[in-house]
Structure formats: structure tokens, C-alpha cells
1. Of everything in the range A:273-302, what is surrounded by fewer than 23 Cβ atoms within 10 Å (Cβ to Cβ), over 16 Å from the mean Cα position of the chain (by Cα) and over 14 Å from A:Glu82 (Cβ atoms)? Give them in sequence order.
2. Determine which member of the set A:Ala148, A:Ala139, A:Ala132 is closer than 30 Å to A:Leu226 by Cα, touching a helix residue (DSSP H, G or I) at 6+ places or on another chain (Cβ under 7 Å) and part of a helix (DSSP H, G or I).
3. Considering only residues that are within 7 Å of RNA strand B (Cβ to nearest atom), crowded, with 20+ Cβ neighbours inside 10 Å and either at pLDDT below 95 or not assigned by TED's automatic domain parsing to the domain that holds A:Asp136 (or both), which ones fall in the range A:256-271?
4. Restricting to the range A:104-124, name every residue that is over 20 Å from A:Phe69 (Cα atoms), under 14 Å from the mean Cα position of the chain (by Cα) and near RNA strand B (Cβ under 9 Å from one of its atoms).
5. Of all residues in the range A:272-293, count the ones that are out of contact with any strand residue (DSSP E or B) (no Cβ under 8 Å at 6 or more places or on another chain), away from RNA strand B (no atom under 11 Å from the Cβ) and in a loop (DSSP other than H, G, I, E, B).
6. Looking at the range A:1-40, which of the residues that are without any contact (Cβ under 8 Å) to a residue 40 or more places away in the chain and assigned to a helix (DSSP H, G or I) is surrounded by the fewest Cβ atoms within 10 Å (Cβ to Cβ)?
7. So A:Glu211 ticks every box in (1) surrounded by 15 or more Cβ atoms within 10 Å (Cβ to Cβ); (2) in a helix (DSSP H, G or I) but one. Which box is left unticked?
8. Would you confirm, using the coordinates I've provided, whether A:Arg250 is farther than 30 Å from A:Arg53 by Cβ and touching a strand residue (DSSP E or B) at 6+ places or on another chain (Cβ under 7 Å)?
Amino acid sequence: MPDFYAPKGVPDYVPPVSRQFAAARNGLIAAAERAGYQPIELPVFEDTGLFARGVGESTDVVSKEMYTFADRGGRSVTLRPEGTAGVMRAVIEHGLDRGALPVKLVYAGPFFRYERPQAGRYRQLQQVGIEAIGLDDPALDAEVIAVADEGFRSLGLSGFRLDITSLGDANCRPAYREKLQAFLAALPLDEATRERAEVNPLRVLDDKRPEVQALVADAPLMADHLCAECSEHFESVIAGLDALGVAHVRNPRLVRGLDYYTKTTFEFVHPGLGAQSGIGGGGRYDGLMAQLGGQSLSGIGFGIGVDRTVLAAKAEGVELATGGRVDVYGVPMGAEAKAVLVGVAGKLRAAGIRVDLAYGSRALKTAMKSADASGARVALVLGDRELAAGEVVVKDMVAGDQQTVTLDAVVESVRGLLQG
RNA sequence: GUGGGCGUAGCUCAGCUGGUAGAGCACUGGCUUGUGGUGCCGGUGGUCGCGGGUUCGAGUCCCGUCGCUCACCCCA
């Protein structure tokens, strides 16, 4: 038994799953970069106040799920539970909002929430997120959503659904909220649900319990109470998605867990995650930057759960990391041959070819099994005969045939096989 | 924070009503004195999570404890 274990709720990704994880993360980042989003690297912990004010005191994330502690200087810091607040802080701090708008950024990394772990829900979760800051152009909303959609599809996923709605803004939401609260107050709800109705009445509409769903079936919906501006904005977003060919479902009961969302909100849901369903989500946050002390600029973004994306791929039977871990595998017979192959490996790597070889001193047959297991297309076999002649056997592991070439011709020979 | 399930070889697991541990995969040697993907034979590897109790005897029963896991809640 090991002396130490990973902290509760924190997943380790070891080969081969780690390759799938990396492929998912890199694929999602690449989708953002194709739309012009630039990388931003931020600290994983911030001043506790940033999240309390940015994410919202009333949210579950802030009220009971934060990893908060005092550092040695007595400052209260918190491991970031989400990405947007930190991005806003950095944008303000570095004056990125004073240049050309929108500011388009992409980030990836770990986030932390102190929850009871279960399938698809971890205390350390990995996200890829983007933010487009400074404009409330609905075409930007559509782009952000399309980046996520295209990111998932580029990985080979197709079994997800996009839910979308508008949460209104400071003009129309307060009046709707009162109306909804009045409606909920008349229902026979349990005490915990009543409290939620006070703090965040929208959340009640999203209750999973069938009996509650029945009660709120006739509840007033934000979608029917949008002001003219929000309504127009939302329809433009929908039109943009249609133009981009992004399939979507209007879900007026969609709710997000963070306070800062306004207008457009969306969530990508997938059935393969156990009790969880969201693989990514986001929305517009037009009041957040001002809330954090910056100028009054709008923004929109998403966060995609990389852990959940990997689970979704597994559920769909999608192979995220295809191909072998190397292109070429060296099989030396004897110490002298190994020394030569090490040199050959160096040349091949310098030529951009991925190479591994059988280290230690293993039987030829075992080394060949390793070559096979590595997924290499080509094996290089070097024994005493070739050593004496200054040659090496180049074997095509798929076709099964092989030829002997001089050491000088190895790179060219291998390249030919890999391209063929 | 509240419940359920489970902890036996590196991995996936078997082990019925208690008699001091097994399979497959993986790793490794050989069959084939220099060649993988399918075959055959052998080998390495386990204080049965930990502690206590019942018993002549506990992986197997009882209690406790730690851990993992699934679900509620919530969300990525």
C-alpha cells in the first residue's frame, strides 16, 4: 500500500488516458485560436474578495465551495473556482480594455471547488475557457458559442446538445424576478426551496424533482418578459447561430450558477456523464467589469470542462488520441548496437520524427513486442551483421516487410515509410 | 452536509454455507542459436485497506476506523 494518495476528489491522469486528456484540452484551445483568441496565463489563487464580489456571495460556489485560506502574511486567498473573475481582474490591472475591442482571450488550467466528488465532478477540475470583452455585439455571442461547438466537433464529439436562453438585463430582469417570486410564494414548497426562491428564484425553475417541476410548470418565464433590447439582441444571437450552422435548443428554464450572467446564457449538455450533464457553458456578463471596479464594458465567454469532455468522448466511443506514441522504435542487439541506435534516434528526432528505443538489455523478441506496443510504424533493428556493415534493418511494422539500408540513409528511408 | 455500494497480485476480478489464496490481462524467460501483431510451456508478483473481537482456525462472521465510489445537493 502506498504511503500517500492523491487528495480526495482530485483525478490523476496517467497514460494512456492522459493522452486523451491532453488531446481534448489542446483541441479545444486550438478551436479558440482559430477564431483569434490569444492565450492568457493567470494565477490559480486570487484575493478572496475577487470571487466574493465577482461571482456573487449568494452562489453555492462562493458560499460553500471555495478553497479559502490565509497565507503566511495573513491575507485571505482562494483557489480559483472559475475563470472569468480572474480574467476580468487581469484585464483591468493591465489595461487591456483600453486598446482595440473586443479583447479575445483563451485560458486553460485547474479550478477548485470543495464539493463531494462523484462521477464527472471533482474538487480539482480542468477547464478551457474563452472571453470576448468589450462589445455586446450579438455576433460575438454567436462566435463564442460556435467556438465551443466547433471545438467539441473537432474532437469527434456529436452526442451533445446546446441549450440557450436569455436572462435579460438590469432593465427587465428585476421586474420579472419580482413576478416570479410572487408566483413561487404561492406554491407549497419545502423550506429549502423557499429559501432558494428568495435568494435566486430562477434556480427553482431548474429543480430536477418531478413534483417541483409540476408545480412550476406554469411559472412565468424570463423569455416572455425580455425588454425590447434584450429580445432583439437574443434573436440576433439565434440568427447568428443559424448562419454558423450551430444547432441549438431554446430552453427558457436554463439557469446558470453564477450571479454575473446577463442576456445570452447557454450550456452544452451530454448524456454520458453519470448524474452530471453539462460539458460546458457560459454566457454574457455585461455588469461584471464595472462590478470589479473597471470601466463599464460588457463581455461574453464560456468554460468547458476538460474532464467531462474526456468522459463524454469515452461514452460516445470516440478515440481522442489516435496513433502511436512514437513513429519509430529502435531495437538494438547488444551494447554496441544500442550506442549506434541512440545516435540514429537523435538524428531522427532532430528531423521531427518521434522515436523511442528498447533500453536496458532485453531479448530481441521482447524488444519487438515493445516496438509493437509503442504503435511505431517503423522498427529499426540493429545486430552484429548490420553493425559490421554500417547498416540497419528498417522494418515496416504494418506491412511486415523490411529492408537493410546504410546508416546514412536511415532518415530518408524512415521518412519515406512514414509518408507512404 | 445527507444516504447507498465497495475495498483480495500493477490492472479487471473470482473465492459458495469460516479450514491459513486463484484466473485473465500486464511484465518477463523459453518453444523459434536475429524479428512484433494470433499459439504453447514456465517465471516474478499478494502482511486479502488498517485495528480489534468471536473461533481450534477468518479473505470469509461481528465492531470500529481509513479510503474509494455512486447518488442527493450543486455545477465544468
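The values are calculated or read from the model by the stated rules, or taken from the named source; none is laboratory data. Note that the structure is predicted; figures quoted are calculated from it, not measured. Every residue, glycine as well, gets a Cβ built from its backbone with ideal geometry; the counts of neighbours run over all protein chains shown.
1. Scanning the range A:273-302 gives A:Gly274, A:Ala275, A:Asp286, A:Gly287, A:Ala290, A:Gln291, A:Gly293, A:Gly294, A:Gln295, A:Ser296, A:Leu297.
2. After applying the criteria, what remains is A:Ala139.
3. The answer is A:Arg256, A:Leu258.
4. Answer for the range A:104-124, where residues must be over 20 Å from A:Phe69 (Cα atoms), under 14 Å from the mean Cα position of the chain (by Cα) and near RNA strand B (Cβ under 9 Å from one of its atoms): A:Gly120, A:Arg121.
5. Counting residues in the range A:272-293 that are out of contact with any strand residue (DSSP E or B) (no Cβ under 8 Å at 6 or more places or on another chain), away from RNA strand B (no atom under 11 Å from the Cβ) and in a loop (DSSP other than H, G, I, E, B) gives 2.
6. That would be A:Ser18.
7. Among (1) surrounded by 15 or more Cβ atoms within 10 Å (Cβ to Cβ); (2) in a helix (DSSP H, G or I), A:Glu211 violates only (1).
8. Values: farther than 30 Å from A:Arg53 by Cβ: yes; touching a strand residue (DSSP E or B) at 6+ places or on another chain (Cβ under 7 Å): yes.
Here the answer is yes, as A:Arg250 does meet what is asked.
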